[in-house]
Amino acid sequence: MGKYIENKDYELISDENINEVWNVRILEGEFNEVVIRYGSIRVDGKTPEKDEELDLHFDFEVISAPDEDLTAEDIGLQMAAGDLLYSILESSIENKEEIHLKEV
């Protein structure tokens, strides 16, 4: 899983149409200039009975992309979106930032 850095590899941009919703613009790599929006996010974590890694479940949509045929069904983009989401959550936790989740 790659570590993405805000304002280097991606940036959070406000959605023009929906208040309090943030999209993610990818700034580097194979999906440069692709903008995605996360939908539902669920984290299944360790419990006293389980000693397993966290499972991250999410969905997302492609808001804009240089390749108009690119969709959320693209396996490479799914992997990048997962890595990005993990990095965003990890950075928020490390920086003790509040994470506000709002269903859209």
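List of remarks:
- Rounded to the nearest 20 debye, the dipole magnitude of the stretch 10-94 is 260 debye, with +1 charges on Lys and Arg beta carbons, -1 on Asp and Glu beta carbons, and the Cα centre as origin.
- Annotation: extensible slack from E6 through N19 equals 2.6 nm (criterion: 0.36 nm per residue apart, minus Cα-Cα distance).
- For the pair M79 and E61, label points projected 7 Å from Cα toward Cβ lie 2.6 nm apart.
Where a number appears in this text, it was derived from the coordinates with a stated rule and is not lab data. Please read all numbers here as calculations on a predicted model, not as lab measurements. In this analysis, Cβ positions are derived from the backbone assuming ideal geometry, glycine residues included, and neighbour counts consider all displayed protein chains.
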